[in-house]
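Visitor: Input: one structure, supplied below.
The values are calculated or read from the model by the stated rules, or taken from the named source; none is laboratory data. Quantities reported herein were computed from a predicted structural model and do not represent experimental measurements. Here the Cβ positions follow ideal geometry from the backbone for every residue, glycine too, while neighbour counts run over all protein chains shown.
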Amino acid sequence: MSFFGFDPSSNPNSRSHPSTAPGFGAAPDHFAGLSLRPGNDDEDGIDFEDTYDGLGDGLDETDDALNDDTFGDGGAPVGKDFDFAGSTARVAEVLEEEHEIFERNRKPAHKPIIPTVGPTHKTTTTEHQHIPSLAPDMSLWAEPSVPAPQQNRQPQYSAPEHVQNDFPTQAPRAPPSKKFMSLEEVEAEILAQGRQQAHSAQQQLHHVPMPGMQPVQLPPHIPVTQPLGQFHHQGPAHTPSPGAHQQFATPPQEHQNFLMHQLPPHMQHMLQQNQNMLPQHLQAAVHERMLQQQLQEQIRMQPREPLQQQPLPQPQVQPPMARIAQEERAKLLEEESKRLKRNHKIAQLARYNGLMTPQDKNFIQRIQLQQLVSIGNTDDNTAEDFYYIVHSAIRARANPQQPLSQLAQTYLFRNGGRNNGRRDNHMQRMEQQVARAVAAAKAHPKASQLVLEGSLGKISFSNVKTPRPMLNIKRLDSDQKHLAHKSYANADRKTLLAIVETVYDVLLEVEVHERERSKIPPPNPNAPPSEAAQEWEAKRVELADRLYEEMRVLEPIDPASRTRHPFIAILSFGKMKRAIPRIFRHLNPEQRVTILTMIVVHLDVLDVVRHGVYPPGANQLPSAVREEVDMFANNVLPPLLSYVYEAPLSIVVGLLGLLLERVDVILISKTKIGIAFLTMFFSRAELLKQSGRSDEKELQDWQNVYNRFFDMLQGHWMDCFPPSGRFVEDQYVWQFLASMAVGANEIQQRELVGAVKDRVMENVQASKVLPPEIGVQKRENVNLFMRAMGLDVELLG
Amino acid sequence: MLFFSFFKTLVDHEVTIELKNDLKITGILKSVDQFLNIKLDEIRVVEEGKYPHLSAVKNVFIRGSVVRYVHLPANAVDTALLEDATRREAANVAGKAR
């Protein structure tokens, strides 16, 4: 019944190659394995664990899960439509017969043209003399020099197409035809075409399949004329051979009959009903296919020679042919120009379609998953990506309006994506794979290092987090312990710095723990704290205690020794000063007051006080000292200040008592930091005194301490000021004097004014000469002091 | 991962990358990966006269291994935080080495 062993009437399921399965020229469906078997995960060979480690080794040679992609549905019997040589051989006889008949009929007209052809033509004609055996005659396809198998297949496909189709094809090579048509043949053909042209042109308008809807590489779309559609080969290699095309340009009757055998029953029926209509029907159908193909070829080979330049064997025929073709094409192009443009884009995008097999893609996917797993291991994200996370958090806090763009993309995407309802099957599968990959990665943690026996170092394997292998020098653990238990009596700089670093380490731990509070559900005020909250609090207290301990605040004070207390020693480092405000947040009030006491007791040995005294004759402190002083004032003082401003009078009095006993008050009164401490205590005490809530005993104590202080500083008031100069910053001194003056009795006030009178006058004079802003500032500073005693600068004139 | 983490915060800031072949490229940092490969946008070469062939190039992908220096925008760097991150990194490495 069928020409190629193709049985159109049989059950479609038993066909050799189902039309839904990808063909040879079709782009592979990369997800074919996934989408066809949604419920059958384990058979499709992309299970991650199967090949998780050592990707190549894991490939299963016997695994035939993806055979479907390659060979179509495994259930159907293998067809024979790939057996081109065999199929051709079967019909070779018929073809030859037709050929001979044709030759005999046309011989007279054929002869005169022969001489105009090249020498190859001779072989063609001589071959026509004998009737060859079952082997297909190469000359039929006018490509005698090309090896058989591949060429065989082309004509096999194109022959039916070209039965009546003389539409000029856009063969890229377009060799001059070796089998010539006679003039009559050509004329007849043109006439026939002319008649059909109107018809087919109409057909085109309605039936040209939308190329824009159909990317080049898609499997051939099957129109109503299905069998023809199947013969239509769409691969880019397909260039219909002009020889064959002309061979069958005006098919003899036999051929038409023969052709009918290929058609499906309904077509045959139709043909028998209206034999005359056959050429037109077929032509229309073929024409349609040709146009489609032509469009696509134009897309692919735009720079190639235009249609009308196609060499045709008969020059006198060319103008009408070309004109028709051109008109047609112009019309088409006009209509399809937009679609063509889009098609061109798609074609360019699709140029590399099918370069990778599904297996390749799986392989790449696995590698990418592996990377994802190692990056997205949320457990050590805070450890690995600390800077980014905290930096983004700080920035987000700085301007809450700004969306969490970057951070969200990096860290929240996975969670955010979960709720997205639009995810399709692939995404779901992908997520499953990621989940499994993560599980697998956790199940077999990779050894990241290799320690060779007797070697000094370790060899690290590279991974995603540490791309570059490095050599780690083994460190003895005893080093650390040795450091920790050293006596501080003569601690050197290195030891002190090590202590600061341990303080920082613990501080960071505390802060990380603090951040974890957000993971605990917010406490319900009515219910007792949950177990998690209790645990968290216990851990926090433990860490805070450790932090406190690491600061060595509780090291015994030995007044006799000349070495500094370790806490004071480490406080001389800038980075310890910077850590104080952060540390203070985690300490309880008792620990805070201990630290404050510690600093007060050692105030005269603090680096910022010892170095903060102006050397005789110098107008300025060395810049390094100034820096340290500023750092102390900006970092250490504020937390202490905020503590003192809430402290009860007893503590203030106690601290001042300690100062008087243990510290060289004259010395500290010469420095900015010392005066800052004094100002802090005196102003707090004065506030408490004026609030009137303190009892008599405390007030009495306070008055005693105050008087002792005043007497001690008597005669040294002027030393509090930095060396005089126009632009000198002495506000803090005026503040101190003001805080002293508020609590002073009349005699003390008079003494105070008498002592600093010169300085007051100097400042008032200077404020008149200096530019307004600085002048006003200077005036205000002095006024601060004057007002504390109920006076005003204005009174001085 | 500290450097990766750090450079991620500089995305959308202008940086100057100095390559091992002495080429200096200024541009907006678009992306960075764990190999410290770098994508720059709106680039300009510092000594344009010396590399005229690069004057038409608008964006580049730089392989991490050919970078010598990255000049950072100072105001985009949180030094204190970077110190802490460095401490953490050191602690991580020490923890792994043990």
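Visitor: Is one or more of the residues making up the stretch B:14-26 touching a Ser or Thr at 6+ places or on another chain (Cβ under 7 Å) and either within 30 Å of A:T502 (Cα to Cα) or within 14 Å of another protein chain (Cβ to nearest Cβ) (or both)?
Guide: Checked against the condition, which is being touching a Ser or Thr at 6+ places or on another chain (Cβ under 7 Å) and either within 30 Å of A:T502 (Cα to Cα) or within 14 Å of another protein chain (Cβ to nearest Cβ) (or both), the stretch B:14-26 yields no hits at all.
Visitor: Sticking with this one: Restricting attention to the stretch B:46-63, and to residues there that are charged (D, E, K, R) and touching a residue at least 12 places away in the same chain (Cβ under 8 Å), which single residue is nearest to the other protein chains (Cβ to nearest Cβ)? Quick ask: steps written out before the conclusion?
Guide: Initial filter on the stretch B:46-63 (charged (D, E, K, R)): B:47-48, B:50, B:58, B:63.
Among the residues that remain, those that are also touching a residue at least 12 places away in the same chain (Cβ under 8 Å) are: B:47, B:58, B:63.
Working: B:E47: 30, B:K58: 21, B:R63: 12 Å.
It comes out as B:R63.
Visitor: Within the stretch B:16-42, count every residue that is assigned to a loop (DSSP other than H, G, I, E, B) and within 19 Å of B:S5 (Cα to Cα). Full working, then the answer.
Guide: Restricting attention to the stretch B:16-42, the residues satisfying the condition of being assigned to a loop (DSSP other than H, G, I, E, B) are B:20-23, B:33-37.
Now restrict to residues that are within 19 Å of B:S5 (Cα to Cα): B:33-37.
Count: 5.
Visitor: What is the number of the single condition among (1) away from chain B (no Cβ under 14 Å); (2) of a type in the set (A, V, I, L, M, F, W, C); (3) within 22 Å of A:L655 (Cα to Cα) that A:I583 does not meet?
Guide: Condition (1) is where A:I583 drops out.
Visitor: Give just the number: which of (1) over 29 Å from A:N745 (Cβ atoms); (2) touching a Ser or Thr at 6+ places or on another chain (Cβ under 6 Å) does A:F682 not satisfy?
Guide: (1)
Visitor: Which is aromatic (F, W, Y) and surrounded by 15 or more Cβ atoms within 10 Å (Cβ to Cβ), of B:F61, B:F7? Before the answer, list the steps.
Guide: Numbers: B:F61 fails: surrounded by 15 or more Cβ atoms within 10 Å (Cβ to Cβ).
When all the criteria are applied, what remains is B:F7.
Visitor: Give all pairs with beta carbons closer than 8 Å in which a residue from the stretch A:505-517 that is more than 13 Å from chain B (Cβ to nearest Cβ) and at pLDDT 80 or above meets a residue that is surrounded by fewer than 16 Cβ atoms within 10 Å (Cβ to Cβ) and part of a helix (DSSP H, G or I); count only pairs at least 6 apart in sequence or on separate chains.
Guide: A:H513/A:K539
Visitor: Here's a follow-up. Can you go through A:V652, A:V636 and tell me which one is farther than 18 Å from A:V553 by Cα and part of a helix (DSSP H, G or I)? Quick ask: steps written out before the conclusion?
Guide: Details: A:V636 fails: farther than 18 Å from A:V553 by Cα.
It is A:V652.
Visitor: So A:M712 ticks every box in (1) more than 20 Å from A:L656 (Cα to Cα); (2) of a type in the set (A, V, I, L, M, F, W, C); (3) surrounded by fewer than 18 Cβ atoms within 10 Å (Cβ to Cβ) but one. Which box is left unticked?
Guide: Looking at each condition in turn, A:M712 falls short on (1).
Visitor: Right, next: Quick one: A:Y732 ticks every box in (1) more than 60 Å from the chain's Cα centre (by Cα); (2) within 21 Å of A:P616 (Cα to Cα) except a single one, so which number is it?
Guide: Evaluating A:Y732 over (1) more than 60 Å from the chain's Cα centre (by Cα); (2) within 21 Å of A:P616 (Cα to Cα) leaves (1) as the failure.
Visitor: Working carefully through the options A:V769, A:V705, find the one that is aliphatic (A, V, I, L, M) and surrounded by fewer than 16 Cβ atoms within 10 Å (Cβ to Cβ).
Guide: Details: A:V705 fails: surrounded by fewer than 16 Cβ atoms within 10 Å (Cβ to Cβ).
Of A:V769, A:V705, the one residue that is aliphatic (A, V, I, L, M) and surrounded by fewer than 16 Cβ atoms within 10 Å (Cβ to Cβ) is A:V769.
Visitor: Let me spell it out: the conditions are (1) more than 60 Å from the chain's Cα centre (by Cα); (2) surrounded by fewer than 18 Cβ atoms within 10 Å (Cβ to Cβ), and A:A788 meets all of them except one. Which number is the exception?
Guide: Failed condition: (2).
Visitor: Taking the residues in the stretch B:43-98 that are in a helix (DSSP H, G or I) and among the polar types (S, T, N, Q) as candidates, determine which candidate is farthest from A:Y387 (Cα to Cα). Talk me through it step by step, then tell me what you get.
Guide: Of the stretch B:43-98, the ones in a helix (DSSP H, G or I) are B:48-50, B:52-54, B:64-66, B:74-76, B:79-97.
Within this subset, residues satisfying the condition of being among the polar types (S, T, N, Q) are B:65, B:75, B:79, B:86, B:92.
Working: B:S65: 22, B:N75: 15, B:T79: 10, B:T86: 9, B:N92: 13 Å.
Per the stated criteria, the residue is B:S65.
Visitor: Right, another one. If we scan the stretch A:611-620, do we find a residue that is buried (at least 20 other Cβ atoms within 10 Å of the Cβ) and closer than 26 Å to A:H716 by Cα? Full working, then the answer.
Guide: First pass over the stretch A:611-620, keeping only residues buried (at least 20 other Cβ atoms within 10 Å of the Cβ): A:612.
Next cut, closer than 26 Å to A:H716 by Cα only: A:612.
Yes - at least one qualifying residue is present in the stretch A:611-620.
Visitor: When you scan the stretch A:532-555, do you find a residue that is away from chain B (no Cβ under 14 Å), at pLDDT below 75 and outside any helix (DSSP H, G or I), even just one?
Guide: no
Visitor: Condition check: crowded, with 17+ Cβ neighbours inside 10 Å and within 14 Å of chain B (Cβ to nearest Cβ). Does A:F573 satisfy that? Explain how you work it out, then say what you get.
Guide: Values: crowded, with 17+ Cβ neighbours inside 10 Å: yes; within 14 Å of chain B (Cβ to nearest Cβ): yes.
Yes: the conditions hold for A:F573.
To keep it simple, each residue is scored yes or no on (1) farther than 21 Å from A:V541 by Cβ; (2) modelled with pLDDT of 85 or more; (3) aromatic (F, W, Y).
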| residue | (1), (2), (3) |
| --- | --- |
| A:F573 | yes, yes, yes |
| A:M576 | yes, yes, no |
| A:T594 | no, yes, no |
| A:V608 | yes, yes, no |
| A:G617 | yes, no, no |
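Visitor: While we're here: Hey, any hits in the stretch B:64-80 for a residue that's farther than 25 Å from A:R582 by Cα, surrounded by fewer than 13 Cβ atoms within 10 Å (Cβ to Cβ), under 12 Å from the mean Cα position of the chain (by Cα) and away from chain A (no Cβ under 14 Å)? Full working, then the answer.
Guide: Taking the stretch B:64-80 as the starting set, the residues that turn out to be farther than 25 Å from A:R582 by Cα are B:64-73.
Okay, now just the ones that are also surrounded by fewer than 13 Cβ atoms within 10 Å (Cβ to Cβ), so B:65, B:68-69, B:73.
Subsequent filtering for residues that are under 12 Å from the mean Cα position of the chain (by Cα) retains B:65, B:68-69, B:73.
Filter once more, so that each one left must be away from chain A (no Cβ under 14 Å): B:68-69.
Yes, the stretch B:64-80 contains a residue that is farther than 25 Å from A:R582 by Cα, surrounded by fewer than 13 Cβ atoms within 10 Å (Cβ to Cβ), under 12 Å from the mean Cα position of the chain (by Cα) and away from chain A (no Cβ under 14 Å).
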